[in-house]
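Take a look at the structure below.
The values are calculated or read from the model by the stated rules, or taken from the named source; none is laboratory data. All figures in this text were calculated on a predicted structure; none of them were measured in a lab. Heads up, the Cβs are rebuilt from the backbone with ideal geometry, glycines too, and the neighbour counts pull from every protein chain shown.
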Amino acid sequence: MTFRKKILLADLVLFLFFLALLFPFVETIVKQDALRTLIERAKKVSTSIQNASSLEQAKLILDQPVCYFESRAVFNPKGEMVWASHSIFQKLQPSYAQSVLKKKTTYSEAYSESYQQIFASIDQPVVIDKETYILRTSAPLQEIRNLTVSFEAGFLVFGTFILLLYGLFTWLIINRITRPIQQIIDTIAPYQGGREESLPLIHLKSPQSNEFTKLAYTLNTLSERSQKQIEYLKHQRKETEGILESLGEGVIAFNAAGRITFANGVACQLIGAGHAALMGHTLNQASSRSPDLLLLAHELVMQVLHTSETIVQTWAKQSGPALYLHLLSAPLAGQNGAILVLQNKTSDYKMLEMGKDFIANASHELRTPITVIRGFAETLHDLPKLSSATMLDISDKILRTSIRLEKLVKSLLTLSNVENLSREEFKWVDLLPIVEQCKLLQLAIHPEISIAIHADGSKAMLFLDADVFEMAIMNLLENAIKYSTSPADIAIRIQTKPHFAFEIEDKGIGIPEGDLPHIFDRFYTVDKARSRKSGGSGLGLAIVRTIVEKHGGNIVVFSKIGKGTRFTITS
């Protein structure tokens, strides 16, 4: 029930309660008033006949018209009736007559056989011509009751009218008083029902300054403050989520029960589960392509929630592409939950493996020429009387091995310098003259080859280190010449629109499909015999890829056995 209905109902109940209490009281008052009227009339008649000179004169006074329900009679001291206006009276008991003479005024009720009803009577002594008589004034008791009922009915009708009038005025007053409250409720109702996201401002229609206007102003002030606080918290939440989403690590937050309250995109990707499948669930309830990872992460989180200590674990994928994850689980402040950070360490492990392979390959590549040089040096030392031809052959081999060793060391130093390349040396350079220069250098060394340059413009401006990028082009050209049947036929294509692309394509022997994923690895050679014969170190394409990546580009290779190879650099 509304506030208004409660007040109206309370007023109605109170009014009916007081009316019920007042009704018997009114009945008694009316009855007593009727009897009092009867007594007063009896006294008035008694006074009027006391001045009569004789009984006959008193009878004449008593014969005067009276109320339609009133009857009179005169009795002597013995109770015998001397005179009566109606035939309703009977002889009085002597004892009763004597008591009336003593008490002066007596009330009694008696049943009349002739009228078949009860009469109420007032008996009082009266002196007529020096003789004492008893004057009885009677009225039907039913008439008094009827008068009481009529008055009660009138009282009830009047009370009902008053109730309606009171209810109307009460409703008007309450409506006037509670109208601002209703306006406040109607304004807030859409927000309470979830139809609006923010608490609307309250504008009262009543312009007067009262408590409700002050209440509305206070609520508006609180609403503005709370809305600002909510907007600030939303902004902070979005900013925090944005920061967490931009991180390279996967981040998952848990409440005290171990249920997920936040997970960024990286975490969903590493775990292999959708965002909707994680939110509101524990990790052991979610489904993933790596169930063992979920189980380990769930155990870590539950252990952190139980012990409030930071735990770090490493997980490695057992099948498929290599994947190494560091799982760091830590409690949140106030022990309200925990956080799980997943760091992808695959590249670090790959770099570690590459470092091991590089050291092993470098050691092998360096050990071979050193062993050759040492062997020939020991031969010269142990056999000083060798023939001139043998001495010349040995010295030639030592020289070629030394040159190969020098190239290997030079390539290693070049690779190291390229990896530490700084963008401070970069500047805007036209690529076409650099390509032309590389072509002329190769033609000078290999005049029988054919190199065709195709460009979509007169210039190809790029932001790069010209000397270093020229080295990459030269390495690609040398590979194209080295792995082509003589004479080599090479095409260079330069595209600047809509995006940059640089291609070097030959019609050589091609690269086996199984070797394509590894040709950019350090010390990797497809044809080891040809590589040793040409003095290759297996670092050329590794240097090219490093140079391209340092310039923010990407290099890919397409090749078919017997049809040639195409290297494409894009930015």
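When you check Ala529 against the structure, is it at pLDDT below 85, in contact with a helix residue (DSSP H, G or I) (Cβ under 7 Å, 6 or more places away or on another chain) and in a helix (DSSP H, G or I), yes or no? No: the conditions fail for Ala529. Take Thr568 and tell me if it is out of contact with any Cys (no Cβ under 6 Å at 6 or more places or on another chain), at pLDDT 90 or above and buried (at least 16 other Cβ atoms within 10 Å of the Cβ). When the stated conditions are applied, Thr568 passes them.
Report yes if some residue within the range 417-430 is part of a strand (DSSP E or B), at pLDDT 70 or above and closer than 30 Å to Glu299 by Cα; otherwise report no. No: the range 417-430 contains no residue that is part of a strand (DSSP E or B), at pLDDT 70 or above and closer than 30 Å to Glu299 by Cα.
Looking at (1) at pLDDT 85 or above; (2) assigned to a loop (DSSP other than H, G, I, E, B), which is the only condition Leu476 fails? For Leu476, the exception is condition (2).
Looking across the range 384-413, the residues that are β-branched (Val, Ile, Thr) and either modelled with pLDDT under 75 or assigned by TED's automatic domain parsing to the domain that holds Ala472 (or both) come down to Thr401, Ile403, Val409. When the range 274-283 is filtered for residues that are at pLDDT 80 or above and either acidic (Asp, Glu) or at negative phi (or both), the ones remaining, listed by number, are Leu278, Met279, His281, Thr282, Leu283. For first residues located in the range 498-520 and under 16 Å from Tyr483 (Cα atoms), partners that are among the polar types (S, T, N, Q) and lie 6+ apart or on another chain with Cβ distances below 6 Å form the pairs Asp506/Ser484; Asp506/Thr565; Gly508/Ser484; Gly510/Ser559; Gly510/Thr565; Ile511/Ser559; Ile511/Thr565.
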